[in-house]
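Any read-out appearing in this document is the output of simple, stated calculations on the displayed coordinates, not a laboratory observation. Bear in mind the structure is a predicted one, so any value in this text is a computation, not a measurement. Here Cβ is always computed from backbone atoms with ideal geometry, including for glycine, and neighbour counts include all displayed protein chains.
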Amino acid sequence: MKRREFVIGAGVLASASLLAGELPALPPAGDPSDAAAPGSQESPPRPGRIDVHHHILPPFYAEALRRQGLDRAAGVPLPEWSAQRSLELLDAQGLQTAITSVSSPGVWFGNERAAAELARRCNEFAAELGQRHAGRFGSFACVPLPATGAACAEAIHALDVLKADGVVLLASNDGVFLGDPRFDELMAELDRRGATVFLHPNLHPSSQALGLTAPGFLLEFVCDTTRAAVNLILSGTLERYPRIRWILAHAGGFLPYAAWRVSLANALPQFQEQAPMGVMNYLQRFYFDTALAPAAPSMAVLRELVGPSQVLFGSDFPFAPQPLVVEQMDTLAGGDVWSAPELVGIGRGHALSLFPRFAQAGETVAAAPSNEPESTLHWMGRSAGKPLAALAQHLKD
């Protein structure tokens with residue numbers, strides 16, 4: 001893509017985002033039945049893209065936000081949403097399935113009981129949506145962090161009873177980033193189930209205190225994602241809970257650009273136990289979605305960090321309205337970073353590795369790679385080198 005084309009495209013993306021609340025009126029958001037009556041027969045979905053970054057705003061959730069005085073999310077007006085709107089997007093753009101999630105600010109407004117009840121309502125709504133429109137919707141369940149105990153209870157219920165496809169966690173929760181030890185109980189439950197976690201940014205209190213004129217979604221959101229991802233590595237969370245599979249929203253924020261710099265933590269003794277396999281090893285375990293980051297410069301940097309199999313399609317609908325979703329899809333396809341077969345994988349095959357239940361009859365699904373903690377042999381080799389390292393440091397000093 002030429003530089004001028006990229007600049008113009010970026011302008012279109014930003015403008016469309018800011019106009020999210022000014023689209024032509026569509027039917028108001030309703031309950032999961034607003035697109036099809038119970039028992040109605042829908043055509044089975046044809047194999048198409050799987051959107052792993054697709055938000056829902058049930059009416060009761062939107063009302064809960066407004067009761068908190070929130071009519072915007074990180075500077076973007078709350079969009080109107082309904083199941084019908086999502087289905088229209090899926091049908092128009094060749095998308096088979098949307099895996100839904102609740103976006104920032106999530107369900108936490110300072111009261112644990114209220115947050116737990118709101119999370120349960122959202123998760124039951126999403127489960128019913130998937131039942132009514134089989135094959136069209138999956139779900140990442142929301143949990144009431146930073147209340148870890150309540151979050152564990154809701155994650156267990158959502159994954160074991162509601163059969164959610166994973167969990168959505170905000171990068172920071174009431175100012176506390178993922179990777180903090182107070183969340184270890186939740187990490188253990190997710191690791192035990194080999195859960196997939198969709199990591200979505202939040203607006204950290206420190207970001208709100210900066211006094212910048214730029215709305216939060218432009219810059220601070222990608223900071224939030226990057227900080228959480230680095231903290232997950234340097235806190236040892238990825239090493240201790242290797243069975244969790246993490247999807248980073250928005251192509252990982254700044255992480256692909258800062259990967260080499262972050263890997264310098266390998267030289268710092270305080271991180272040897274937390275990231276014994278080397279920081280880059282853990283960075284390359286993340287999956288990345290393409291939402292609001294489809295242009296060739298972003299994709300080229302991402303490709304230097306991970307293989308195509310770690311990249312998944314994401315739209316950010318409805319915060320990214322339909323015209324912006326179309327623009328993202330065209331930009332992704334029109335770049336020269338990914339080959340045609342790789343684009344097919346990004347659009348569908350790579351997501352199937354994480355969510356094989358959406359595969360069509362006879363469709364081949366590649367198994368997602370498994371991660372393991374540091375082996376005894378690796379630990380012995382690393383331990384054997386410590387005296388030499390200590391001696392070298394002593395001589396240097």
For this session: Would you grab the residues whose amide H sits under 5 Å from the one on Thr196? Only those 5+ places off in sequence or on another chain, please, with H modelled 1.01 Å from N.
Result: Val167, Arg245
Seminar exercise, completed: For the range 211-285 the trypsin sites (Lys or Arg not before Pro) that pass both the DSSP coil test and the at-most-16 other-Cβ-within-10 Å test are Arg243
For this session: Give me the net charge of Asp184's neighbourhood, meaning all other residues with Cβ under 13 Å from the Cβ of Asp184; Lys, Arg count +1, Asp, Glu -1.
Result: -2
Seminar exercise, completed: Kirkwood Rh for the range 125-228 from C-alpha pairs, in Å, is 14.8
Exercise. In what sequence, highest mean first, do 304-314, 181-191 appear when ranked by Cβ atoms within 10 angstrom?
Worked result: 304-314, 181-191
Problem set entry | Burial ranking of peptide ranges 76-83, 108-115 (average Cβ count within 10 Å, highest at the top) | 76-83, 108-115
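Give me the percent of DSSP beta bridges within the range 155-304 that run antiparallel, rounded to the nearest 5.
Roughly 15 percent of the beta bridges in the range 155-304 run antiparallel, per DSSP.
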Exercise. Contour minus end-to-end for Leu70 and Glu88, with contour as 0.36 nm per residue of separation and end-to-end as the Cα-Cα distance?
Worked result: 3.8 nm
For this session: Can you tell me the order of 196-203, 65-72 when each peptide is scored by its average per-residue count of other Cβ atoms within 10 angstrom, highest first?
Result: 196-203, 65-72
